[in-house]
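A quick write-up on the structure given underneath.
The values are calculated or read from the model by the stated rules, or taken from the named source; none is laboratory data. Small disclaimer: the values here were computed from a predicted structure and weren't measured. Note that each Cβ is placed from the backbone with ideal geometry, even for glycine, and that neighbours are counted across all protein chains shown.
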């Protein structure tokens, strides 16, 4: 049985849907082409404003903005909201790339550059293409998906070896231990693949790593 689409999607044939997808790519490129140096911050939409992860993310994004980096997020609540807020309140470029979902994804008010997507894969291209570092704050399945996307593209040399920074040692160390004990020990990845990932609790270290990517920005 063919997959059933919502009523508004049924108006598009498979061929015409390609134009809708292309339109999202065009909108993204036009909005972000002149963004300048940027970082993408990933993380959970379910984090409340009084949570320590929210405050850490807000501080992190503010540091990035103060040092001339635009901040890109998924445009929703939780950690995404914290990152957009931290950047915007320091006068930085605060990009929110919202996705239309049945629940959990309402645009936050702090993005000063706003995009909206129907397709996850188009949105993920924009997350990766316009950032020179990827900061992975605590999150759920969506965050893991975005983390894996960035790591895979670097591992397969589809993009430059930009840093993937896992922030929050206690949160992420179990995943790193599993990657070493299963993926590495069983030959599913190479030892050098571990160098793609950085894990830290130090915001100054994150900033130093991000600043070290300037050579890649200058090459673009």
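A few comments on the model shown:
Yes or no, residue by residue, for (1) more than 25 Å from residue 148 (Cβ to Cβ); (2) surrounded by fewer than 20 Cβ atoms within 10 Å (Cβ to Cβ):
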| residue | (1), (2) |
| --- | --- |
| 37 | no, no |
| 41 | no, no |
| 47 | no, no |
| 53 | no, no |
| 68 | yes, yes |
| 71 | no, no |
| 86 | yes, no |
| 120 | no, yes |
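- In segment 30-72, the residues that are more than 16 Å from residue 87 (Cα to Cα), touching a residue at least 40 places away in the same chain (Cβ under 8 Å) and out of contact with any strand residue (DSSP E or B) (no Cβ under 9 Å at 6 or more places or on another chain): 44, 45, 46, 47
- Search result, residues across segment 131-149 that are modelled with pLDDT of 95 or more, crowded, with 16+ Cβ neighbours inside 10 Å and within 22 Å of residue 58 (Cβ to Cβ): 131, 132, 133, 134, 135, 136, 137, 138, 139, 143, 146, 147
- Within the option set 128, 154, 179, 165, being in a strand (DSSP E or B), in contact with a helix residue (DSSP H, G or I) (Cβ under 9 Å, 6 or more places away or on another chain), touching a residue at least 12 places away in the same chain (Cβ under 8 Å) and surrounded by 12 or more Cβ atoms within 10 Å (Cβ to Cβ) holds for one residue only, 165.
So that you can scan it fast, the table gives a plain yes or no per residue for (1) in contact with a helix residue (DSSP H, G or I) (Cβ under 8 Å, 6 or more places away or on another chain); (2) under 20 Å from residue 172 (Cβ atoms):
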| residue | (1), (2) |
| --- | --- |
| 102 | no, no |
| 114 | no, no |
| 117 | yes, no |
| 135 | yes, yes |
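- Residue match in segment 196-208 (condition: more than 26 Å from residue 55 (Cβ to Cβ), assigned to a helix (DSSP H, G or I) and in contact (Cβ under 8 Å) with a residue 60 or more places away in the chain): no
- Identity of the residue in segment 87-125, out of contact with any strand residue (DSSP E or B) (no Cβ under 7 Å at 6 or more places or on another chain) and not in a loop (DSSP other than H, G, I, E, B), that ends up nearest to residue 46 (Cα to Cα): 124
- Considering 169, 156, the condition of being within 24 Å of residue 127 (Cβ to Cβ) and in contact with a strand residue (DSSP E or B) (Cβ under 7 Å, 6 or more places away or on another chain) is satisfied by 169 alone.
- Residues of segment 185-195 include at least one that is part of a helix (DSSP H, G or I), free of Cβ contacts under 8 Å to residues at least 40 places away in the same chain, over 21 Å from the mean Cα position of the chain (by Cα) and farther than 14 Å from residue 60 by Cα.
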